[in-house]
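Presented below is the structure to which this report refers.
The values are calculated or read from the model by the stated rules, or taken from the named source; none is laboratory data. Please read these numbers as outputs of a predicted model, since none were measured by experiment. Quick reminder, even Gly has a Cβ in these numbers, built from the backbone with ideal geometry, and neighbours come from all protein chains shown. Accessible surface areas use protein heavy atoms only, side chains included; no ligands, DNA or RNA. Shrake-Rupley method; radii C 1.70, N 1.55, O 1.52, S 1.80 Å.
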Amino acid sequence: MIQLTTAAQLENAINKARTVKPFVRVNRFGSYTVTNKQTGATYTVECMKRDGKRFASCNCKAGARGNACYHIAAAVSAHIQLAAEAASFAN
Ligand SMILES: [Zn+2]
């Protein structure tokens, strides 16, 4: 599990995600399945907010070590979009 603090923290992972272009499937709000279409590898990313802090976890090797992997970067961008849509729907 990693705490998401700055955008710079995810910069390398975002760049990798832009290259790999993984497929993100929404399991539910906060839970995403990220698939590398080239290799077929599939990982689960969870995004959550606790005490106003944002956290994410991924079950790949890098994510399990607490690193911001590109799966997290891809899922977080989908998560932020979903959260924005949910917020606009509530208004
Ligand atoms: Zn990962």
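At a glance:
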{"item": "Accessible solvent surface per residue of the chain, calculated while the other protein chains remain in place, 1.4 angstrom probe, Å²", "result": "64"}
{"item": "Area accessible to solvent at Leu82, 1.4 Å probe radius, in Å²", "result": "50"}
{"item": "Solvent-accessible area, 1.4 Å probe, carbon plus sulfur percent, for the stretch 1-59", "result": "50"}
{"item": "Helix 11-20 vs. the chain, principal-axis angle (Cα, 0 to 90°, nearest 10)", "result": "60"}
{"item": "Calculated diffusion of the chain, Stokes-Einstein form, Kirkwood radius summed over Cα pairs, 25 °C and 0.890 mPa s, µm²/s", "result": "186"}
{"item": "Which of Lys61, Lys37 is most accessible, then next, and so on - probe 1.4 Å", "result": "Lys61, Lys37"}
{"item": "List His79, His71, ordered by accessible area with a 1.4 Å probe, largest first", "result": "His79, His71"}
{"item": "Label-point gap, in nm, between Arg18 and Phe55 - each point 7 angstrom along Cα→Cβ", "result": "3.0"}
{"item": "Crossing angle, helix 70-90 versus the chain [Cα axis fit, 0-90 degrees, rounded to tens]", "result": "20"}
{"item": "The chain: most fluctuating residue of Gly52, Gly63, Gly40 per GNM, C-alpha cutoff 10 Å", "result": "Gly52"}
